[in-house]
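The values are calculated or read from the model by the stated rules, or taken from the named source; none is laboratory data. Quick caveat: nothing in here was measured; it's all calculated off a predicted structure. Neighbour counts run over all protein chains shown; Cβ positions are idealised from the backbone, glycine included. Just so you know, the surface numbers come from the protein's heavy atoms only, side chains and all, with ligands and any DNA or RNA stripped out. Shrake-Rupley method; radii C 1.70, N 1.55, O 1.52, S 1.80 Å.
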Amino acid sequence: MAQFAVIGLGSFGATVATQLVKLNHDVIGIDSNKKFVENIADQITHAVIADATDEHVLEELNIQNCDAVVVAIGEDIEASILCVLNLKNLGISKIYVKAKSKAHTMILTHLGVSKIIHPEEDMGVRIAQSLSYPMVSRYMSLNDNHYIVKVKIKDNLHGTRIHSLMSHAPEVKLLLFKRAETIFYTLESNLMLQTDDILVVEGQLEPLKRLSKQFKSE
Ligand code: ATP
């Protein structure tokens, strides 16, 4: 169990805080607005009304003992930056900050913030990708060009042999295969795919795009 602080309990901050509690962590939530603190008080470990631009207040709350702090103050860039400076002064190295604009991101980068989050943009990218690649149920980016992707076999590929599907992108590596509740790490190359089988593959964007064309049922 780790100890986290979330500063700013709007919809983003409140979601981070309550999810961390569900994952069995200790969470202190801070907001200058009483209403937001009251809304979440019974769902997190401690909920405090405080101004995070005041370093002494943060120190009194023992923020310095937290494993990481999430700053989820969106609109008030000045408050967000002052809060980050206070956290740095208190020696906290793991700071995640929600950024609203390019200027905000630039300043945070210069302050050496370990993780800058753009929730709306990230969600927009994910929605566009899931519309463009509906067969992809999950993906993880390893770097700009390299992904691990989980795909579900639809009716149009039922009865296709796995080697025939994978031959469209031989560079892509099949990491695992799941049928019902059973996971396979090695497969007969002539295995016949069935609807709802799951494949987890790894590869670069271009071959993955080539492979994805096979999943589209025109
Ligand atoms: P959402 O997550 O709802 O999209 P947002 O990005 O629009 O939020 P804001 O609503 O501007 O962000 O701020 C989030 C929360 O941060 C608000 O509840 C606000 O009261 C709180 N907040 C703003 N300034 C401070 C401060 N100095 N100290 C503590 N909390 C603050």
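I want the local charge near residue 4. Using Cβ-Cβ distances under 12 Å, sum +1 for each Lys or Arg and -1 for each Asp or Glu among the other residues.
Values: positive: 94; negative: 26, 67.
Net charge around residue 4: -1.
Here region 158-188 is scanned for amide nitrogen atoms under 14 Å from the site 7 Å beyond the Cα of residue 140 along Cα-to-Cβ, giving 175-176. Ranking of 26, 144, 122 by solvent-accessible surface, largest first: 144, 122, 26 (1.4 Å probe, protein heavy atoms only, all chains present).
What is the Cα radius of gyration of the chain over 2.2 N^0.38 Å, N being its residue count? Before the final figure, lay out the partial values.
Values: Rg = 22.6 Å, N = 218, 2.2 N^0.38 = 17.0 Å.
Relative to the rule-of-thumb radius for its length, the chain sits at 1.33.
About its Cα centre, the dipole of the chain is roughly 1080 debye, where the only charges are +1 on Lys and Arg Cβ and -1 on Asp and Glu Cβ.
Please go through region 111-187 and write out the chymotrypsin sites (Phe, Trp or Tyr not before Pro) that DSSP classes as loop and that have at most 10 other C-beta atoms within 10 Å.
Details: sites: 139, 147, 177, 184, 185; in loops: 185.
Answer in residue order: 185.
With both labels modelled 7 Å from their Cα along Cα-to-Cβ, the residue 118 to residue 148 distance reads 2.5 nm. Between residue 196 and residue 129, the distance separating the two model label sites (each 7 Å from Cα on the Cα→Cβ line) works out to 2.7 nm. Across region 120-125, coupling constants 3J(HN,Hα) worked out from phi with the 6.51/-1.76/1.60 Karplus curve, θ = phi - 60°, read 5, 5, 4, 5, x, 4 Hz, and Gly and Pro carry x. GNM remark for the chain: springs join alpha carbons under 10 Å apart, and the peak mean-square fluctuation among 46, 110, 56 falls on 110. Here region 127-215 exposes an accessible surface that is 54 percent carbon and sulfur, computed with a 1.4 Å probe and the other protein chains kept in place.
Of 28, 49, the residue with the largest accessible area leads and the full order is 49, 28 (1.4 Å probe). Once Rg and the Kirkwood radius are both taken over the C-alpha atoms of region 107-187, their ratio Rg/Rh works out to 1.09. Which links in 150/216; 35/94; 115/173; 34/102; 178/216; 34/115 stretch past 23 Å when you go from one Cα to the other? 35/94; 115/173; 34/102; 34/115, as the Cα separations exceed 23 Å there. For the options 186, 53, 105, a Gaussian network treatment of the chain with springs between C-alpha atoms closer than 10 Å singles out 186 as fluctuating the most. For the chain, the solvent-accessible area of protein heavy atoms averages 59 Å² per residue (probe radius 1.4 Å; ligands and nucleic acids excluded).
The DSSP beta bridges internal to the chain are antiparallel in roughly 55% of cases. Projecting the Cα positions of 52, 69, 170 onto the charge dipole of the chain (unit charges on Cβ atoms of Lys, Arg, Asp and Glu, taken about the Cα centre) puts 170 furthest along the positive direction. For region 31-45, backbone phi angles converted through the Karplus equation (6.51, -1.76, 1.60; θ = phi - 60°) give residue-by-residue couplings of 8, 7, 9, 3, 4, 5, 5, 5, 4, 10, 3, 8, 10, 10, 5 Hz, Gly and Pro being listed as x. Packing order of peptides 5-12, 200-207, highest average first: 5-12, 200-207 (average count of other Cβ atoms within 10 Å over each peptide's residues). Region 156-182 and region 99-128 have their alpha-carbon centroids 36 Å apart.
Measuring between their Cα centroids, region 134-154 and region 1-62 lie 33 Å from each other.
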